[in-house]
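K.L.:
Before I ask anything, here is the structure I am working with.
A short reminder: the numbers here are calculations on the coordinates, not readings from a lab. Everything numeric here is computed off the predicted structure, so don't read it as measured data. Positions of Cβ are backbone-derived with ideal geometry, glycine not excepted, and every protein chain shown enters the neighbour counts.
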Protein chains: 2
Amino acid sequence: MTERPLPTKDRLIRAAADLFRRSGYHGVGLSELLSAADAPKGSLYHHFPNGKSDLAVAAATWASDEMLRMIAASFEPAKDFEAGTRTLCHKAAKMFDKSGQWDGCPISATLFEGPGNTDFRQHAHHLYEGWITEVTHHAAQLGEPDPRETADTLFILLQGGWQLARARQSSDELRKLPDRLFATKTN
Amino acid sequence: MTERPLPTKDRLIRAAADLFRRSGYHGVGLSELLSAADAPKGSLYHHFPNGKSDLAVAAATWASDEMLRMIAASFEPAKDFEAGTRTLCHKAAKMFDKSGQWDGCPISATLFEGPGNTDFRQHAHHLYEGWITEVTHHAAQLGEPDPRETADTLFILLQGGWQLARARQSSDELRKLPDRLFATKTN
DNA sequence: CGGCATCTGGACCGATCAGTCTAGTCACGT
DNA sequence: ACGTGACTAGACTGATCGGTCCAGATGCCG
C-alpha cells in the first residue's frame, strides 16, 4: 500500500488511532504519542491547534472511515447479505489478530473514554450511526427484509463479539458471529 | 446520596467503581477519587497498599459481584430462560438509566483501559467468564438446549447493546435485546 | 489507666502531564 | 537569489499525577 513518505499529520493521526485504541484517550501521553509518530511537539500544535483533543477526533474519524471502507468492501461484491456479513466478520477477525488481540474499539476508546466533553460523545454517536447507515444501505440493496433492524443487530454483535474476543484472546468469537445471527434465520 | 454509615474502604470501592466506569482508569485522578469517597490519601494506602491499581481491581470485582447478583435475581424466579433474559435486560436498562446513560461497562473501563498490565486483563477475563458461567448455569437449569452457546450470545448482546444504548442515549436498546435473541427462535 | 494496633489526615516528593513559545529550517514562487 | 509562509524542533511552564511518610486520632484490649 502507500506507506512510504507519509506526511507528519498522517503519521500523527495513525499513531494516535493506534495508541488510543490500545490504552484509551487518557492512557496515552503526548510524549508517547509524539515518539510513536516520530514528530516534535511543534508539529502537533501546528496541525492540530487544540492539541490532543483535536487529534483524538481526527484519529477516531480516520478509524471510522477505515471501517466504512471495510464494510463497503465486504458487501459490495457479496451475493447476499449473509455472505457480506461473513466477509465482514472475517475481516474484523483479521484486524483483531493484527492489533495484538487486546485493543478495543477505536471510537469508544478514543471518544467515550475521553474528556467529559459532550462534543466527543456526540461525535462518537455520529460515527457509529455512519456504520449502521452504511450496513443498512447494503442490507436493503441485497434484499434483506428489515434492513434497519438487521444493521442494528449486526452492530451490536460486532461490538459485543469484539469484547468477548478481547477477553478470550480469540478472534474465533468474531468469526462465529454470523452463525449466531443466521443460525435460526435461514427462512 | 450520603454513604455515611459505610466504612471508608467500601466508600472507596464504590466511588472508584463509579468513577472508573464513567471516565476509565486513567481518566480518574486520585484527588477526584478521594474527594468523591470523602477519604484522605492515607486511608487509601492503608486499605490498598498498592494504591490505585489495587483499588481498581477491588472496584471491578465488586461491580462484577453486583452483576452476578443481578443475574441470579433475574433467573432464579424465572419460569423459563426467555423470561429470565427479559428480566435481566430490563434490570440492565434501569441500571443504565440510573448511571446517567454515558457510563461504560465497569469491568472493561476499569481493567481493559487500565495499565498494560497482563494481570489486569486476565482478571477482566476471569470476571467475564464468571458472568457467563452463571448464565450458563441458569440456562441449563431452565432446560435451554445449548446453555453454553446461549450464555455467550447473551453476553455479546448485552455488551454490544450497552454500547449502542450509550451512543443513542436510550435504554430501549437494552430492552429490545431479548426480541433480537428470541424473535426467530420460537421453537 | 496504659499499651498497642488500626486507621486517618495531609504535607511533601519527583515524575509526568498537556500546552506555550520562539528560533530555526525548508520548499517553492518570483 | 530572495522572500515568504508552512512546518519543525525542543526548551520551558505550571498543574497535576500517583505515591511516600509520619504524626495524630481512635478504638479495644489489659
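K.L.:
Got the B:Q122 label distances to the other copies yet, label 7 Å along Cα→Cβ, in nm, shortest first?
P.N.:
Spelled out, the distances from B:Q122's label point are 4.5 nm.
K.L.:
Continuing with this model, one more query. Picking from B:F120, B:A165, A:S171, whose Cα lies most toward the positive end of the charge dipole for the protein assembly as shown (charges on Cβ: Lys, Arg +1; Asp, Glu -1)?
P.N.:
Comparing the listed Cα positions along the dipole, B:F120 ranks first.
K.L.:
Taking the simple approach of a point 7 Å from Cα along Cα-to-Cβ for both B:D179 and A:W102, what is their distance in nm?
P.N.:
4.0 nm
K.L.:
Among rounded, prolate and oblate, which fits segment A:83-187 when a ≥ b ≥ c are the square roots of the eigenvalues of its C-alpha gyration tensor, a/c under 1.5 means rounded, and a/b larger than b/c means prolate?
P.N.:
oblate
K.L.:
Using only the alpha carbons of the protein assembly as shown, what is the convex hull's orientation-averaged projected area in square nanometres?
P.N.:
19.6 nm²
K.L.:
All other residues with a Cβ under 12 Å from the Cβ of B:Y128 taken together, and with Lys, Arg as +1 and Asp, Glu as -1, what is their net charge?
P.N.:
In short, -1.
K.L.:
Here's another thing I want to ask about it. Using the Cα centre of segment A:8-182 as origin and beta-carbon charges of +1 (Lys, Arg) and -1 (Asp, Glu), tell me which of A:H137, A:T8, A:S31 is placed farthest towards the positive end of the dipole.
P.N.:
A:S31
K.L.:
Treat every Asp and Glu Cβ in segment A:96-157 as -1 and every Lys and Arg Cβ as +1, leave all other atoms uncharged, and give the resulting dipole magnitude about the Cα centre to the nearest 20 debye.
P.N.:
Roughly 140 debye, rounded to the nearest 20.
K.L.:
Can you give the FRET efficiency to the nearest 0.05 for A:L68 and B:Y45, using r as the Cβ-Cβ distance and R₀ = 56 Å?
P.N.:
Efficiency, from the Cβ-Cβ distance: 0.75.
K.L.:
Taking the Cα centre of segment B:8-182 as the origin, how large is its charge dipole in debye, to the nearest 20, when only Lys and Arg (+1) and Asp and Glu (-1) carry charge on their Cβ atoms?
P.N.:
520 debye
K.L.:
So, in nm, how far is label A:R148 from label B:E82 when the simple model puts each one 7 Å beyond its Cα toward the Cβ?
P.N.:
Distance between label points: 2.5 nm.
K.L.:
What size of dipole, in debye to the nearest 20, comes out for the protein assembly as shown about its Cα centre when the only charges are +1 on Lys and Arg C-beta atoms and -1 on Asp and Glu C-beta atoms?
P.N.:
That gives a dipole near 480 debye.
K.L.:
Please identify which residues in segment B:19-34 have an amide N closer than 20 Å to a label point set 7 Å out from the Cα of A:S53, following the Cα→Cβ vector.
P.N.:
It comes to B:22-29, B:32, nothing else.
K.L.:
Which entries in B:K52/B:K98; A:K9/A:K98; A:K41/A:K91; B:K41/B:K94 show an alpha-carbon gap greater than 29 Å?
P.N.:
A:K41/A:K91; B:K41/B:K94
K.L.:
Follow-up question, since we're still on this one. In whole Å, what is the distance between the alpha-carbon centres of segment A:109-144 and segment A:10-45?
P.N.:
23 Å
K.L.:
Next up: Between rounded, prolate and oblate, where does segment B:8-182 land on the alpha carbon gyration tensor, with a ≥ b ≥ c its root eigenvalues, rounded for a/c under 1.5, else prolate if a/b exceeds b/c?
P.N.:
prolate
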